[in-house]
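Comments concern the structure below.
The values are calculated or read from the model by the stated rules, or taken from the named source; none is laboratory data. Note that this is a predicted model, so its numbers are computed, not measured. Here the Cβ is made from the backbone with ideal geometry for all residues, glycine too, and neighbour counts use every protein chain on show. The protein model used for the area step is the full one, side chains on, heavy atoms only, and it has no ligands, DNA or RNA in it. Shrake-Rupley method; radii C 1.70, N 1.55, O 1.52, S 1.80 Å.
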Amino acid sequence: MAIFLIKALQLILSISLLVILHEGGHFAFARLFGIRVEKFYLFFDWKFSLFKFKPKNSDTEFGIGWIPLGGYCKIAGMVDESFDTQQLQQPMQDWEFRAKPAWQRLFVMIGGVLMNFITALFIYSMIMYTWGDSYIAPQSMTNGMQFNDEAKKHGFKDGDIIIGTDEEEFERFDVDVYRAVAKAENVIVIRDGKQVTVHKPETSLLTMLKETPRYMDPVTPNVVDSVFADGPAAKAGMLAGDKIVAVDSTATKTFNDVNFALAVRSDILETAKSSKDSLTARNIALVVQHANAKDSAVLDTLHLTLTEDLKMGVAYKPYQALYEPTNVEYSFLESFPAGIKYGLNILGGYVSDMQYLASADGAKSVGGFGTLGGLFPETWNWYKFWLMTAFLSIVLAFMNILPIPALDGGHVLFLIYEMITGKEPSEKFLVIAEYLGFGFIFALMIWANFADILRALGIM
């Protein structure tokens with residue numbers, strides 16, 4: 001429960017900050033051009049609000065709604081999510097949105113996206129200044145990678161150290177390596193101390209990451225780093241430093257092999273028709289080489305009953321802990337170009353990955369608040385909090401600029417049409433488009449959160 005609350009609090013704080021800044025972008029440009037802003041709200045206040053106040057001599061009511069689905073900035077004389085059409089029936093006033101030239105209205109509409117984008121780059125810059133940058137160079141990953149059968153058909157071999165493609169040399173190991181390998185037809189690896197080029201077909205990044213086992217993963221030694229108290233492994237007598245050499249009758253040379261063997265158990269568990277079948281699927285035999293054994297050749301067989309989510313109750317060293325990282329520190333001025341470069345790279349990767357949403361697997365990967373909350377750490381960590389907040393700011397900026405009615409991008413599209421043709425869309429058309437766009441977004445939100453529920457139940 002405590003972990004859930006910590007994650008939820010981080011998500012609420014992050015989203016609230018980004019919503020306020022986003023709507024603040026609209027507010028700032030509206031006031032710059034003399035447009036009246038009637039309401040500025042965090043969350044939606046349908047029927048009532050949790051808190052509101054109106055400063056003296058101000059036209060704007062500020063408040064907090066009770067529906068935590070973003071927020072809004074109600075701009076006078078504009079068709080927006082408030083669906084207030086009565087005001088549009090009144091004579092036009094010079095302080096209304098509709099009374100201003102198209103270029104000013106355009107700046108008002110892109111103000112939110114612009115603010116979120118600048119916020120993301122600023123946060124990344126301050127992360128670089130405060131914590132610096134730390135990464136693992138692929139060339140230093142001497143254990144190499146472990147590949148699944150599909151990757152081996154393409155010419156990879158376990159232990160290959162991936163250093164680049166024919167288009168680029170990899171500086172750091174992260175998801176960009178997977179993106180580059182997915183697109184590349186020629187991948188350069190170090191094999192047995194020699195540089196080798198692997199010729200492969202273009203593959204789907206989504207498939208690479210979702211396969212079990214994955215297309216490729218850093219090799220992690222099959223040595224237990226720690227054993228959780230009262231877990232299945234601890235009850236069976238496993239100790240830190242023990243090496244798992246087999247799961248049932250399947251030999252395991254790495255922890256990648258161990259995880260795959262447990263994934264097979266997951267498939268068996270899904271077909272269980274009774275509690276007895278479920279218990280059978282959770283019972284495994286581990287062949288281990290004890291760290292404290294006098295004779296390293298002596299093996300021991302431990303019988304475990306895995307938890308319902310098929311956990312052994314052990315941890316192993318992630319690949320990041322196996323290699324010496326490259327650490328880079330930045331001065332205050334140096335942090336800005338570094339942060340901007342990092343942020344633009346994150347944006348480019350996110351935009352590139354959007355192509356997979358059109359696929360069946362991509363649609364299943366859509367997540368709601370549960371997925372977003374799961375991205376935050378289980379303990380409060382300011383570095384990870386700000387890293388995730390910057391990422392969400394980029395996501396919010398990109399999603400809002402999509403040309404969908406009810407989003408900023410939809411309004412921008414209509415304004416560009418007006419600027420090109422000189423014809424303004426009718427108010428009736430704008431209202432209908434706003435309803436359709438809002439309906440689409442609401443349906444997408446329902447599906448995203450429903451998908452979270454299905455994943456939690458193990459159905460998807």
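Return the subset of Lys253/Lys276; Lys157/Lys194; Lys39/Lys423; Lys157/Lys311; Lys54/Lys74; Lys153/Lys311 for which the Cα-Cα distance in this structure is over 22 Å, preserving the input order. Walk me through the numbers on the way to the answer.
Working: Lys253/Lys276 31 Å; Lys157/Lys194 13 Å; Lys39/Lys423 29 Å; Lys157/Lys311 29 Å; Lys54/Lys74 14 Å; Lys153/Lys311 31 Å.
From Lys253/Lys276; Lys157/Lys194; Lys39/Lys423; Lys157/Lys311; Lys54/Lys74; Lys153/Lys311, over 22 Å: Lys253/Lys276; Lys39/Lys423; Lys157/Lys311; Lys153/Lys311.
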With all protein chains present and a 1.4 Å probe, how do Glu61, Glu434, Glu424, Glu324 order by accessible area, largest first? Glu324, Glu424, Glu61, Glu434
1.4 Å probe accessible area per residue over region 133-204, in Å²: 51
Sorting check: for 255-266, 183-194, 216-227, which peptide has the highest mean count of neighbouring beta carbons within 10 Å, and how do the rest follow? 216-227, 255-266, 183-194
With every protein chain in place, the accessible area of Ile416 for a 1.4 Å probe, in Å² rounded to the nearest 10, comes to 70
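Using r as the Cβ-Cβ distance of Ile3 and Met126, and R0 as 45 Å, what FRET efficiency do you calculate, to the nearest 0.05?
Numbers: r = 27 Å, r/R0 = 0.60.
Working from the Cβ atoms, E equals 0.95.
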List, in order, the whole-Hz ³J(HN,Hα) value for each residue of region 321-326 obtained from phi through the Karplus relation with A = 6.51, B = -1.76, C = 1.60 and θ = phi - 60°; use x for Gly and Pro. 8, 8, 10, 6, x, 8
Rounded tilt (10° steps) of 255-270 against the dominant C-alpha axis of the chain: 70
Sort 48-59, 154-165 for me by packing, meaning the mean count of neighbouring Cβ atoms within 10 Å per residue, highest on top. 154-165, 48-59
Counting only heavy atoms of protein chains, what accessible area per residue, in Å², does region 1-127 have with a probe of 1.4 Å? 51
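With runs of 4+ DSSP H residues as the only contributors, calculate the mean residue ellipticity of the chain at 222 nm using -39,500 (n - 2.57) per run, divided by the residue total and rounded to the nearest 500.
Working: 14 runs with 207 residues, N = 460.
Helix-only estimate at 222 nm: -14500 deg cm²/dmol.
How large is the convex hull of the Cα atoms of region 131-234 per residue, expressed in Å³ as a whole number?
On the way: hull volume 15.0 nm³, N = 104.
Looking at region 131-234, the number lands at 144 Å³ per residue.
Plugging the Kirkwood radius over Cα pairs into Stokes-Einstein for the chain, at a temperature of 20 °C and a viscosity of 1.002 mPa s, what D comes out in µm²/s?
Details: Rh = 25.9 Å.
Value of D from the Cα-based Kirkwood radius: 83 µm²/s.
What translational diffusion coefficient, to the nearest whole µm²/s, does region 203-297 have by Stokes-Einstein, given a Kirkwood radius computed over alpha-carbon pairs, a temperature of 20 °C and 1.002 mPa s viscosity?
Working: Rh = 15.0 Å.
D = 143 µm²/s.
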When only the heavy atoms of the protein chains count and the probe is 1.4 Å, how do Val298, Val395 rank by accessible area, highest first? Val298, Val395
What part of the accessible area of the chain, given as a whole %, is carbon or sulfur when the probe is 1.4 angstrom? 61
Return the sequence-ordered ³J(HN,Hα) values of region 4-19 in whole Hz as given by the Karplus equation 6.51 cos²θ - 1.76 cosθ + 1.60 applied to θ = phi - 60°, using x for Gly and Pro. 4, 5, 5, 5, 5, 5, 5, 5, 4, 5, 5, 5, 4, 4, 5, 5
